[in-house]
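*Asks:* Please read through the structure below; I'll follow up with questions.
The values are calculated or read from the model by the stated rules, or taken from the named source; none is laboratory data. Please read all numbers here as calculations on a predicted model, not as lab measurements. Please note: Cβ atoms are built from the backbone with ideal geometry, for glycine as well, and neighbour counts cover all protein chains shown.
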Amino acid sequence: MSTREALRGEATTLRLLEDALGGNLADQVELVLETRHRAVTRFARNEIHQHVTESDSRLAARAIIGQAGARAFANDPRPEAVRATIATAAASARLQPPNPDFVGLPAPRNHATTPLPSLFFATTADQTASDRANLVRGLIEPVAMAGFAAYGTAITEVVELSVVNSLGIRAYAATTSAYLRVLADNGDGTGYADALVSDVRDLDPAALAAEAIWKCRLNRDQITLPPGDYACVLEPDCVADFVRFPVLAGLSAVQVEQGSSFMAGKFGQPVTGPLVTLRDDPSDPRCLPMPIDYEGMPAQPIDLIVGGIARDVATDHATATRRARHMGTAQSWAGAGPANDGSSNGHAASPWEDDLPLPAHVIMAGGTATPDELTAHLERGLRITRLHYTHSPDPKRVVATGTTRDGTFLVEHGQIVAAVKNLRFTMPVLDMLASIEELGQTKTCRDWWAANGMGTTTYVLPALRVGHCTFTGVTTF
């Protein structure tokens, strides 16, 4: 059975949830049902060694009684299980003390909002293990012919998200994605390439293999460079890990409320360099967009940072309501706009995560230069393919740390002259972004964590030529 045949579909899913809303267990009830159908083909040393498929449904029920609410969770979407989950949430809500600043569930918007289409491709949903094996063959064969060992993954995924509540919200969306990555290993160093698309037909295994092979051939006999500040060309996968930290550490309304965001009290002021324009745009098909959020609200575009100036952040129903209530008195919101009317911009977080509204379709304006052209404009510095195991030891200052990975090269007079042993960096990301000297072409990508299954944020980011990155240590590999 193909993934598409396993889908419940809009009518069936919404009917299931609507039927469970009946009864008087709570003043307000919300049901969120998410199903992920995921198929993975893994390969190592030029051979496929694993095909895995999984389908996982998870249900979140939120019950509100008076000025208190609670959630309960289940993995069973049968009608009796859904009703039992609502009852559990209602019982928990009755135990909560009232909160005078409590915000209930959203109702359908009174003003007209054009719904965004789901980005669903049957070509992706219909992929079989044999189809993914053919994609992998397009990676393995050229890497093996080059004399290297190929490692990597091919993944196809379909996500169904449905939200209903007792105030009239009825929302459903289904999206597809396909991800292909390859690591070429020469025994001394590695080369890496990947691609993320909605329609599997847009994947080009030959081009990915050629990129990984080129990097792998270069990545031999690495030299050791001392720690310090270096000008750099950062490829988009690398930029994704840097941009991840301002997204996670400052672009949520909750963080502005708490004063922990670098945007708090800075709206309308510069927060980074003038070449940085960052948007969240669920209408852009390059972002593999989910057109609704986890409250069933239409996802709306947001200007986050424009020309280096702080503009806005992601909100859900609760934070948008509180923002409207306190806009005149909360200094952290001073200068923010334009959404001051209490309307959510459609970024309610997954109830299974940290319940923090965050951008999910992040776009940074780019230019026309390829990474090779950016490299040609670099007098002396480093070209970095991607990063590994990144963290933020100081979220308020948006400090990032981690190591380079799978292709770090010394550039002199616009030419790659040597491979470099991986370096550890520790630096404020906003300062690095303030040093941007040139914007390159954009690419759809994910940060290291999301690419390894620990996140879902999608980025469309450019390669960058920056004036400085701060490296604090060296590695042995």
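*Asks:* In the stretch 279-316, what count of residues is obtained for those that are part of a loop (DSSP other than H, G, I, E, B) and aliphatic (A, V, I, L, M)?
*Replies:* In the first step, residues of the stretch 279-316 are kept if they are part of a loop (DSSP other than H, G, I, E, B); the result is 281-284, 288-291, 293-297, 299-301, 307-308, 311-313, 315-316.
Of the ones still in play, those that are also aliphatic (A, V, I, L, M) are 288, 290, 297, 299, 313.
Residues flagged as part of a loop (DSSP other than H, G, I, E, B) and aliphatic (A, V, I, L, M) within the stretch 279-316 amount to 5.
*Asks:* Residues 339, 348: which one is part of a loop (DSSP other than H, G, I, E, B), at negative phi, aliphatic (A, V, I, L, M) and at pLDDT below 85?
*Replies:* 339
*Asks:* Moving on to the next point. So which residues in the stretch 30-55 are basic (Lys, Arg) and either in contact with a Pro (Cβ under 6 Å, 6 or more places away or on another chain) or surrounded by fewer than 15 Cβ atoms within 10 Å (Cβ to Cβ) (or both), if there are any at all?
*Replies:* 45 - this is the single residue of the stretch 30-55 that is basic (Lys, Arg) and either in contact with a Pro (Cβ under 6 Å, 6 or more places away or on another chain) or surrounded by fewer than 15 Cβ atoms within 10 Å (Cβ to Cβ) (or both).
*Asks:* Still on this model: Could you please find all residues in the stretch 417-456 being crowded, with 22+ Cβ neighbours inside 10 Å, outside any loop (DSSP other than H, G, I, E, B) and among the charged types (D, E, K, R)?
*Replies:* none
*Asks:* Pull out all pairs, ordered by first then second residue, where Cβ-Cβ is under 7 Å, the residues are six or more apart or on different chains, the first lies in the stretch 179-204 and is under 19 Å from residue 130 (Cβ atoms) and touching a residue at least 60 places away in the same chain (Cβ under 8 Å), and the second is among the hydroxyl-bearing types (Ser, Thr, Tyr) and surrounded by fewer than 19 Cβ atoms within 10 Å (Cβ to Cβ).
*Replies:* Cβ pairs passing all conditions: 199/123; 200/123; 201/123.
*Asks:* Okay, next question. Only one of these is under 22 Å from the mean Cα position of the chain (by Cα), in a strand (DSSP E or B), of a type in the set (A, V, I, L, M) and surrounded by 15 or more Cβ atoms within 10 Å (Cβ to Cβ): 196, 208. Name it.
*Replies:* Answer to the selection: 196.
*Asks:* Sort out which residues of the stretch 69-87 are surrounded by 18 or more Cβ atoms within 10 Å (Cβ to Cβ) and either of a type in the set (Val, Ile, Thr) or farther than 16 Å from residue 30 by Cα (or both), and write them in order of number.
*Replies:* 82, 85, 86
*Asks:* Within the stretch 159-193, work out how many residues are more than 23 Å from the chain's Cα centre (by Cα), over 24 Å from residue 45 (Cβ atoms) and crowded, with 23+ Cβ neighbours inside 10 Å.
*Replies:* Within the stretch 159-193, the subset more than 23 Å from the chain's Cα centre (by Cα) is 164-170, 184-191.
Next cut, over 24 Å from residue 45 (Cβ atoms) only: 164-170.
Remaining after also requiring crowded, with 23+ Cβ neighbours inside 10 Å: 164-165.
Number satisfying all stated conditions: 2.
*Asks:* Within the stretch 317-329, does at least one residue satisfy the condition of being at pLDDT 95 or above and part of a loop (DSSP other than H, G, I, E, B)?
*Replies:* No, there is no match, as no residue in the stretch 317-329 is at pLDDT 95 or above and part of a loop (DSSP other than H, G, I, E, B).
*Asks:* Another question about this same structure. Looking only at the stretch 56-67, count every residue that is surrounded by fewer than 18 Cβ atoms within 10 Å (Cβ to Cβ) and not basic (Lys, Arg) and tell me the total.
*Replies:* 4
*Asks:* Checking the condition among the polar types (S, T, N, Q), under 16 Å from residue 473 (Cα atoms) and assigned to a strand (DSSP E or B), which residue from 403, 385 passes?
*Replies:* Working: 385 fails: under 16 Å from residue 473 (Cα atoms).
On inspection, the qualifying residue turns out to be 403.
*Asks:* Could you grab me the full set of residues in the stretch 357-371 that are farther than 15 Å from residue 290 by Cα and within 22 Å of the chain's Cα centre (by Cα)?
*Replies:* Listed by number, the residues that qualify are 364, 365, 366, 367.
*Asks:* Quick one: count up the residues across the stretch 231-278 that are outside any loop (DSSP other than H, G, I, E, B) and of a type outside the set (A, V, I, L, M).
*Replies:* Number of matching residues: 15.
*Asks:* Of the residues 79, 117, which is at pLDDT below 95 and within 26 Å of the chain's Cα centre (by Cα)?
*Replies:* Working: 79 fails: within 26 Å of the chain's Cα centre (by Cα).
Answer to the check: 117.
*Asks:* Could you figure out which of (1) of a type in the set (S, T, N, Q); (2) in a strand (DSSP E or B); (3) modelled with pLDDT under 95 isn't true of residue 50?
*Replies:* Only one criterion is unmet by residue 50, namely (3).
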